[in-house]
Amino acid sequence: QNATMAPPISRAGFLACLVPVAAAVCNPAHGPGRYLLNLTVVGSTSQGGVSNQTRPLVLNVPDPNRLLSSPREGLRNAGVIGFHGWHSNPWYYDKLANLTNLTEHYGAVLALPFGTGPNHAAYYCCPKNVTVEECSSGDYLEYLDDLDQACGWKNGDNADAQPYFDDIDDIAYTKTIAKFLTEEMCVDADKIFATGLSDGGAMTARAACDAADVLAGVASMSGGLALKDCVPAKPIAYLEFCGTLDAACNVSSYSTYSLWAEANECDEKGAKYHLTYESATTRCRAAESCSTLTEQCMIAGLGDDIPGHDRSAPLPPSTINILQAASNVDSVKYAFDKWSALFQSDQWPDMTFPGSFVDSSSTVMIKENVASSSS
C-alpha cells in the first residue's frame, strides 16, 4: 500500500533534507517496510552495457516510529545506496554493516543493489542450493565451491575484462537507482549517498567518479581501485577507510585521497590536513579548505573488512573468525555522522553533537551514539 506522504526524516540524522518540496505532495511508491524489487536500467554510460536490462534491488523504507524525531513539514528524506562485496549479496552486506538499522534511525531510504556473477542465472547472488528466502536472512555468502556464481561489480578493476560483464553497465544501474529514489520514493535529489565494502567499496569509488552528478557523497570501505581516469562532474564528499593489512586498498588509498583532494579543491591537493579521529588503532585525517569533506581513515591491523563490524562467521577460506580491536572506528556510523554534520542548519539551533571526537576545522561535535537508545 502506498503512503500518502514521504516518510519522516530525523532532525538528528541527515540534516541535509531541508529543501522544501514543491506545492504538489510527493507520494512515495512504497510505504515503510522492506521490498525486493526489479528495476529497468535506463540509458547507458561509457561502461558500454546494454540498456533496458532488468536488475533487482532491495529497498528499505524507514518506519516513522523508529526515527529519532519528527520532521518539519515539506521536507524530503535522504537516500543511501549500499554496494555489497565480491561473492556476497545485499542481505549479507546489510547485516554486516548494520545499514538498515542506521538508515531507519536517520530517516533515510536504503537501496541495496545486486552485482553480477559469471552465471547470470544467479540473479540474487545467493549460494547454490540456498533459497532467496533463506539468503535474505543475511547469513549466506558464496563459498569456494560457489564462485562460478559469485557476484561482483564492473568498477574498473581487472575483473572488468571478464566476458560476463560485457553487457553490464553498473554506472547506469546506479543512476537508475538514484532516479528511482528521487522520482518514486520522494528522496531529496541533492542528498543521495553511496557506500560499499571491498569490491563494493571499489564500486563506490567508481560511482563517485562517474555518477557524481547524482551523489552528494560516498564512503568507500576496503575498496582498492586505482582511479587514474576519474573526472567527477562536481565535488562530492569523499570518505575512505582502509586497513593496513588490506593489500588491495593499500595500493591506492593514498593516491585516491590525493585525487579527491584535488577534485574537491582542497589546499595543496590534500597535503594540508588535520586529524579528525584517533584511537589506538584508527587515525583519520581531513584535507583542509576543501569545497566539501575529503577524508581518509587508516585502521591498523585490519584486513578486508568493515572497520568496527565483526563478521558472525569466518570469511572463507579461513576457518577462524578473528574479532576486530575494540578501538577500531565504526566506519559506517562515522560516515553517517559526517554526512549528517555536513548539512547542519540554523533552522535547528538546539542541535548538539556530544561525543568522543571532534572535527577541529569547525565547532561541531560529531555525535557518537545517536542510534543506540532506540535499537
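The values are calculated or read from the model by the stated rules, or taken from the named source; none is laboratory data. Keep in mind that this is a model prediction, so the values were computed, not measured. Ideal geometry is used to build each Cβ from the backbone, glycine not excepted, and the neighbour counts take in all protein chains shown. Ligands, DNA and RNA are stripped out before the accessible areas are found, and what is left, the full protein with its side chains, is counted by its heavy atoms. Shrake-Rupley method; radii C 1.70, N 1.55, O 1.52, S 1.80 Å.
Sorting L245, L110 by accessible area (1.4 Å probe), largest first, what list results?
Result of the area sort, largest leading: L245, L110.
At 7 Å along the Cα-to-beta-carbon direction for both N321 and A247, put a label point, then send me their distance in nm to one decimal.
Label at N321, label at A247, 2.6 nm between them.
So, in nm, how far is label D166 from label T45 when the simple model puts each one 7 Å beyond its Cα toward the Cβ?
My value for the distance between the label points is 2.2 nm.
In nm, give the distance between the simple-model label positions of A29 and N129, each being 7 Å from the Cα along the Cα-to-Cβ direction.
The two pseudo-label positions are separated by 3.7 nm.
Per residue, how much accessible surface does segment 163-258 expose to a 1.4 Å probe? Answer in Å², no decimals.
With all protein chains present, segment 163-258 gives 29 Å² per residue.
Please report the net charge: other residues with Cβ closer than 11 Å to the Cβ of R34, K and R +1, D and E -1.
Residues near R34 contribute -3 overall.
Quick one: of K154/K338; K228/K272; K179/K269, which pairs are farther than 26 Å apart, Cα to Cα?
K154/K338; K179/K269
In segment 241-336, carbon and sulfur make up what percent of the accessible area (probe 1.4 Å)?
Using a 1.4 Å probe with all protein chains present, segment 241-336 comes out at 54 percent carbon and sulfur.
Work out how far the C-alpha atoms of segment 103-252 reach from end to end along every principal axis, then list the three figures in whole Å, largest first.
If we take the Cα atoms of segment 103-252, the spans are 42, 37, 32 Å.
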